[in-house]
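S.K.: Handing you this structure, nothing more for now.
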Amino acid sequence: MRLRHTWSSPTSASPNELVAANALQLSQWIRLRQVSCREVMSAFLGHIERVNNPANAIVSLREPAALFAQADERDAQLARGEYCGWMHGMPQAPKDLTATAGIVCTQGSPLLRNEVPKADALMAARIRAQGAIFIGKTNTPEFGLGSNTYNTVFGTTINAYDPSRSAGGSSGGAAVALALRMLPVADGSDMMGSLRNPAGWNNVFGFRPSHGRVPCVPAQDLFFSQLSCVGPMGRSVPDIAMLLCAQAGYDARAPLSIREDPAQFVGSLERDFEGARIGWLGNYDGYLAMEDGVLAQCESALKDFELIGCKVEAARPDYSMEQLWQTWLTLRHFSLAGTLGAIYRDPEKRARLKPEAQWEVEGGMRLSGEDVWTATVARSQWYNALLTLFERYDFLALPSAQVFPFDASEHWPKTIAGRTMDTYHRWMEVVIGASLAGLPVINVPVGFNFQGLPMGVQVIGKPYTDLAVLQLAHAYDQATKWVERCIPALLGK
């Protein structure tokens, strides 16, 4: 790692300085025609060519000629006084779980290696409508399963700060592309920490918004599936807020989507947090296994929250955490048996599913209707337990992962601190609380251990307080500047 240097004015910005700029600054330079969209595209494509091998964060990269043609058209639009939006001419690469018209969407599965959607998913369409140019996709594990980004289609995405370590997942490609400045801002999705774990492991921000804030369209199920959502990632909180504004907004095709005006995320994020109360959940009083150093690294960040005026104290929900895990297993099994069941029933296709995916479907097929009902009731009780905590606290916090980035050649940690992990995702149990409650939660970077490995903390807000969570994260970032202070050595000088 090295300290970030200060870049020069846009009139003399080098390609390296263009890719180092935050997304809002880059957007302003383009809008004012201080840099051309072609210059921006050239800078990013050249940078990707240098650092994406071996990072393997961006996949299905499109041909440069087509991308330069789109950049030239964006420049021509500006010359005519036409401006698409804040992402005008900005290179983007949606996560490979997101349907993108004309660009292959493999979902990390060999079964979909040649799948080219005819239409964008709603989120991709909204980003494209803001003027973004899709240059490819970001890598993801097979069907997004597991917090380690590897698959048999594109291979493994490695950590931005240590190429021998995991990038996390399932938005691992997005997080690494951000950390290595291959994208100015990125999108991801989150079922079991997929916007939080890779962000924490790559020293960037990842925000899981309130359920319904960013509509998931198209979707087979419009009412029951409420474990997963999509959201923004970035190197600064204002960048995340601006991307969220583009992603969010009610759509009648998503009946549970939120009707609030997403323009609320465009304004200033400045706010006084003197006296704000944060409940520190830690490892749930020893319930969660934690690698040595994780809690200490995260608790060091609590002092930074206190510096901006917050009051932090230990908190504990009045709920059985083992029951919460069983609730998670049931609902996740149920959901994945639904989405992958047809593939599983075909013996030839089943053989091409990774073992963890097969296990999820088989677990779902053993469930009874009563099992699912019991889990949904338990989930409701968990939500109410958190509401009780929020009577005392404005925010809750806990680590974004239970281990530091592990060896990228391992599929998942088998033990933590001497405890056996009985499933492929038990080591990420720390993230399920916010997912089950549908609450807004952001990963904030909290620095590095003695090996130079990053870690993050989850900050959880009350129901539908997405803006407040972003404001707190921004205040914390202004006090710590982890992203600006430490960038990957792979970027060079």
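Each value in this text was obtained by applying a stated rule to the coordinates, not by laboratory testing. If you're wondering where the values come from, they're calculated on a predicted model, not measured in any experiment. When we count neighbours, we look across all protein chains shown, and the Cβ atoms used for this are built from the backbone with ideal geometry, even at glycine.
S.K.: Highest first, please rank the peptides 311-320, 182-191 by the mean number of other Cβ atoms sitting within 10 Å of their residues.
M.R.: Values: 311-320: 14.6, 182-191: 28.2.
The peptides rank, most packed first, as 182-191, 311-320.
S.K.: Using only Cα atoms, figure out Rg for the stretch 391-493 and give it as a multiple of 2.2 N^0.38 Å.
M.R.: Compactness ratio reported: 1.24.
S.K.: Let me ask something else about it. Where Lys and Arg each count +1 and Asp and Glu each count -1, what net charge lies around residue 95 among other residues with Cβ under 14 Å from its Cβ?
M.R.: Working: positive: 137, 208; negative: 96, 120, 142, 187, 190.
Here the count lands on -3.
S.K.: Would you please state the base-10 log of I(q)/I(0) at q = 0.19 1/Å for the stretch 1-128, with intensities from the Debye formula using one equal scatterer on every alpha carbon?
M.R.: -1.19
S.K.: Okay, moving on. Starting from the Cα gyration tensor of the stretch 181-332, multiply each eigenvalue by 5, take the square root, and state the resulting semi-axes largest first in whole Å. It would help to have the intermediate numbers written out before the result.
M.R.: Details: eigenvalues 152, 104, 51 Å².
Equivalent ellipsoid semi-axes, largest first: 28, 23, 16 Å.
S.K.: Right, something else. Tell me the mean residue ellipticity at 222 nm calculated for the chain from its helices only (DSSP H runs of n ≥ 4, each -39500 (n - 2.57), averaged over every residue, nearest 500).
M.R.: About -11500 deg cm²/dmol.
S.K.: Let me ask another. Subtract the Cα-Cα distance of residue 50 and residue 119 from 0.36 nm times their separation in residues, and report this length gain in nm to one decimal. Walk me through the intermediate numbers first.
M.R.: On the way: separation 69, 0.36 × 69 = 24.84 nm, distance 3.12 nm.
Extra length from residue 50 to residue 119 when fully extended: 21.7 nm.
S.K.: When Lys and Arg each count +1 and Asp and Glu each count -1, what net charge do the other residues less than 10 Å away from residue 311, Cβ to Cβ, add up to?
M.R.: -3
S.K.: So between residue 351 and residue 129, what do we pick up on full extension, going 0.36 nm a residue minus the alpha carbon distance?
M.R.: Working: separation 222, 0.36 × 222 = 79.92 nm, distance 3.94 nm.
Extra length from residue 351 to residue 129 when fully extended: 76.0 nm.
S.K.: Mind checking the dipole of the chain: about its Cα centre, +1 per Lys or Arg Cβ, -1 per Asp or Glu Cβ, Debye to the nearest 20?
M.R.: It works out to roughly 780 debye.
S.K.: In addition: Sort the stretch 248-317 into rounded, prolate or oblate with this rule: let a ≥ b ≥ c be the square roots of the eigenvalues of the Cα gyration tensor; rounded if a/c is under 1.5, and if a/c is not under 1.5, prolate when a/b is larger than b/c, oblate otherwise.
M.R.: Values: a/c = 2.89, a/b = 1.61, b/c = 1.80.
It comes out oblate by the Cα gyration axes.
S.K.: If r is the Cβ-Cβ distance from residue 373 to residue 419 and R0 is 35 Å, what FRET efficiency results, to the nearest 0.05?
M.R.: So, using R0 = 35 Å, E works out to roughly 0.70.
S.K.: Sorted by mean Cβ packing within 10 Å, highest first, what order do the peptides 222-234, 43-55 take?
M.R.: Numbers: 222-234: 21.6, 43-55: 18.5.
Final packing ranking: 222-234, 43-55.
S.K.: Further question on the same structure: Order the peptides 160-166, 351-357 from the highest to the lowest mean number of other Cβ atoms within 10 Å of their residues.
M.R.: 160-166, 351-357
S.K.: Could you let me know the centre-to-centre spacing of the stretch 280-348 and the stretch 20-63, using Cα atoms, in angstrom?
M.R.: Result: 35 Å between the Cα centres.
S.K.: What is the P(r) of the stretch 62-123, as percent of Cα-Cα pairs per 5 Å bin from 0?
M.R.: Values per bin, smallest distances first: 4, 16, 20, 20, 19, 12, 6, 3, 1.
S.K.: Restricting to Cα pairs below 8 Å that are 6+ residues apart, what does the relative contact order work out to for the stretch 187-328? Please round to a whole percent. Please list the in-between numbers first.
M.R.: Details: 185 pairs, mean separation 26.8, N = 142.
So the answer I get is 19 percent.
S.K.: Here is a further query. So, in Å, what gap is there between the alpha-carbon centers of the stretch 197-230 and the stretch 86-135?
M.R.: 16 Å
S.K.: Right, here's the next one. With a sphere of radius 13 Å drawn around the Cβ of residue 458, what net charge do the other residues whose Cβ falls strictly inside it have (Lys, Arg +1; Asp, Glu -1)?
M.R.: Result for the local shell: 0.
S.K.: Hey, another quick one. Would you work out the relative contact order for the stretch 23-99, in percent, from Cα pairs under 8 angstrom that are 6 or more residues apart?
M.R.: 49 percent
S.K.: Using DSSP, restrict attention to beta bridges with both residues in the chain and report what percent are antiparallel, rounded to the nearest 5.
M.R.: 75 percent
S.K.: Another one. Using label points projected 7 Å from each Cα along Cα→Cβ, tell me how many nm separate residue 342 and residue 253, to one decimal.
M.R.: Here the answer is 1.7 nm between the modelled labels.
S.K.: Over the chain, what portion of Cα pair distances is larger than 32 Å, expressed as a whole percent?
M.R.: Numbers: 42822 of 121278 pairs.
It works out to 35 percent of all Cα pairs.
S.K.: While we're here: How far is it, in nm, from the label point at residue 63 to the one at residue 322 when both lie 7 Å from their Cα along the line to the Cβ?
M.R.: It works out to 6.0 nm between the two label points.
S.K.: Let me know the Rg and Dmax you get for the stretch 334-374 when you use only its Cα atoms, in Å.
M.R.: Cα-based Rg and Dmax for the stretch 334-374 come out at 10.6, 34 Å.
S.K.: Separate question: Over the Cα atoms of the stretch 299-398, Rg to Rh with Kirkwood Rh, two decimal places?
M.R.: With Rh from the inverse mean 1/r over Cα pairs, Rg/Rh is 1.18.
S.K.: Rounded, prolate or oblate for the stretch 133-214? Axes are the square roots of the Cα gyration tensor eigenvalues, ordered a ≥ b ≥ c, and the cut-off for rounded is a/c under 1.5.
M.R.: It is rounded, given that a/c, with a ≥ b ≥ c, falls under 1.5.
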